[in-house]
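A short worksheet on the structure shown next.
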Amino acid sequence: MKRSLRLTFSLALLLCGLGLVYGAERNPSFPEPLHGEWVLYRDYSWKDPTWVGFMYYDDSAWAALLVTPATGTRVSILFRTENADGTMILLGQRNLGSPTPDDTLPINYLMGLLPDLHAWRYEALSSSAKKDRGAHKGRSSLLPPAMVSRRDIRSFGGAVSLLWKPEIAAFNLDSITASDGSPRLSLALQGRISSGSDNDFFTLEPPTGQALQTRPAADITLQPSKNREKRVVDGVALSLDSSWTMIADNTFFMGNEAMLIVDTLDVRLMGLTSVNLPLEMLRLFSRSGKDAVMDVSSHALTGSAKRFRIESVVRDRQTGRVNRDIKVCIPQSDGAKCALVSLSVSDDFYQANKKYFDSLF
């Protein structure tokens, strides 16, 4: 039967504040960066709370950012680079804005940290790095093991451990930790710009917290499973009650509290592969955008290769509203397509009715 009305997955991503991915070659264990990928770290080596960010254009161009809100410092630099035997060589740079003498130290710091990160990653992916199966508890078996490398880095206080995860964008670096367990560098946000919109990176604001939107309690009555209607969309069985309104044959709204979309994705058209689809999907759905901030500590990947679930907490930058974002992917046997269920629900409502929402599909 031909469907007369259907919300596509691209619109679902738009509603969730995320962007589509376009094809690129990837290393199945520790992927190389994709064009436009960026990371933002909290850098504890500065006296005042400071964040540093890096964005990959291609092997010959990177961007860097340093922000210290307390002092009003914001430094943005474009770098022209060249790679040779694991070493990044800076061929030139262009400072954006109007740097002052006070910006000299941050500029020099970024000029040193960018090639250092490249070198540390190159060395970490060699046999000298150790797989971190036991140290990082709760890591999904669907993901390649994390790795730990150890170095003595003067700017971070001496002996440190660097934790590398393949699901992290750009450098795959999750954190740098001192021998006493204190953080030296920790991932705050990651994302990917859309074509021609690098200003989204240069205008990044640190996730320093925001007052939550005041909302009235949801006046919705949720029904037990026995009182719900069963329906199948794209091969996915749903169990919905009268609190859901169907606005398209694959899209349902629960007032202002929740949205549910079911769609079928062509893996190749999404620029993904079937080599490690859970890893690639996690990388896709852990990206922050200019309107939505993904809590990097909240990402959870569970299930099996035949049906896996990615769960995250998302904060709306404008309103402060916090949503629980759940994606369930069911790959077809040939790996060419997968059914995707996307549920976005206000986090407080989800927490109060977790059993109900987890039984919808």
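The values are calculated or read from the model by the stated rules, or taken from the named source; none is laboratory data. Keep in mind it's a predicted model, so treat the numbers as computed, not measured. Please note: Cβ atoms are built from the backbone with ideal geometry, for glycine as well, and neighbour counts cover all protein chains shown.
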Considering residues of region 157-171 that are of a type outside the set (A, V, I, L, M) and under 11 Å from Pro33 (Cα atoms) only, the residue nearest to the chain's Cα centre (by Cα) = Glu167
Just one of (1) touching a residue at least 60 places away in the same chain (Cβ under 8 Å); (2) outside any loop (DSSP other than H, G, I, E, B); (3) among the aromatic types (Phe, Trp, Tyr) trips up Tyr109, so point out which.
-> (1)
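Only one of Leu91, Leu96 is modelled with pLDDT of 95 or more and farther than 30 Å from Arg309 by Cα; which?
Going through Leu91, Leu96 in turn, the sole match is Leu91.
So for region 37-48 (the condition being of a type in the set (A, V, I, L, M), under 29 Å from Met281 (Cα atoms) and in contact (Cβ under 8 Å) with a residue 40 or more places away in the chain), does at least one residue qualify? Steps first, answer last, please.
Start the filter on region 37-48 by keeping residues that are of a type in the set (A, V, I, L, M), which leaves 39-40.
Going one step further and asking which of them are under 29 Å from Met281 (Cα atoms), we end up with 39-40.
Next, only the ones that are in contact (Cβ under 8 Å) with a residue 40 or more places away in the chain stay: 39-40.
Looking through region 37-48, at least one residue is of a type in the set (A, V, I, L, M), under 29 Å from Met281 (Cα atoms) and in contact (Cβ under 8 Å) with a residue 40 or more places away in the chain.
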Answer yes if at least one residue in region 117-139 is within 21 Å of Thr68 (Cα to Cα) and at pLDDT 85 or above, and no otherwise.
-> yes
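Counting only residues that are assigned to a strand (DSSP E or B) and among the charged types (D, E, K, R), which one in region 172-209 is farthest from Glu37 (Cα to Cα)?
Arg184
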Residues of region 298-346 being more than 18 Å from Val236 (Cβ to Cβ), assigned to a strand (DSSP E or B) and not aliphatic (A, V, I, L, M), which ones?
-> Ser312, Arg315, Asp316, Asn323, Arg324, Ser346
Would you be able to say whether some residue in region 166-173 is of a type in the set (Phe, Trp, Tyr) and in contact with a helix residue (DSSP H, G or I) (Cβ under 7 Å, 6 or more places away or on another chain)?
-> yes
Within region 48-103, how many residues are surrounded by 12 or more Cβ atoms within 10 Å (Cβ to Cβ), polar (S, T, N, Q) and touching a strand residue (DSSP E or B) at 6+ places or on another chain (Cβ under 8 Å)?
-> 8
Filter region 28-69 down to residues that are of a type outside the set (S, T, N, Q) and in a strand (DSSP E or B), then give me how many there are.
-> 22
Return only the number of the condition from (1) closer than 15 Å to Leu340 by Cβ; (2) at pLDDT below 90 that Lys290 does not satisfy.
-> (1)
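Looking at region 79-106, which of its residues are assigned to a helix (DSSP H, G or I) and over 27 Å from the mean Cα position of the chain (by Cα)?
Passing the criteria: Pro101, Asp102, Asp103, Thr104, Leu105.
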Considering only region 41-72, state which residues are aliphatic (A, V, I, L, M) and over 23 Å from Gly271 (Cβ atoms).
-> Val52, Ala64, Leu65, Leu66, Val67, Ala70
Residue check, Arg228 at pLDDT 90 or above and either aliphatic (A, V, I, L, M) or buried (at least 16 other Cβ atoms within 10 Å of the Cβ) (or both) = no
Listed residues Arg287, Arg324; which is touching a Gly at 6+ places or on another chain (Cβ under 6 Å) and surrounded by 18 or more Cβ atoms within 10 Å (Cβ to Cβ)?
-> Arg287
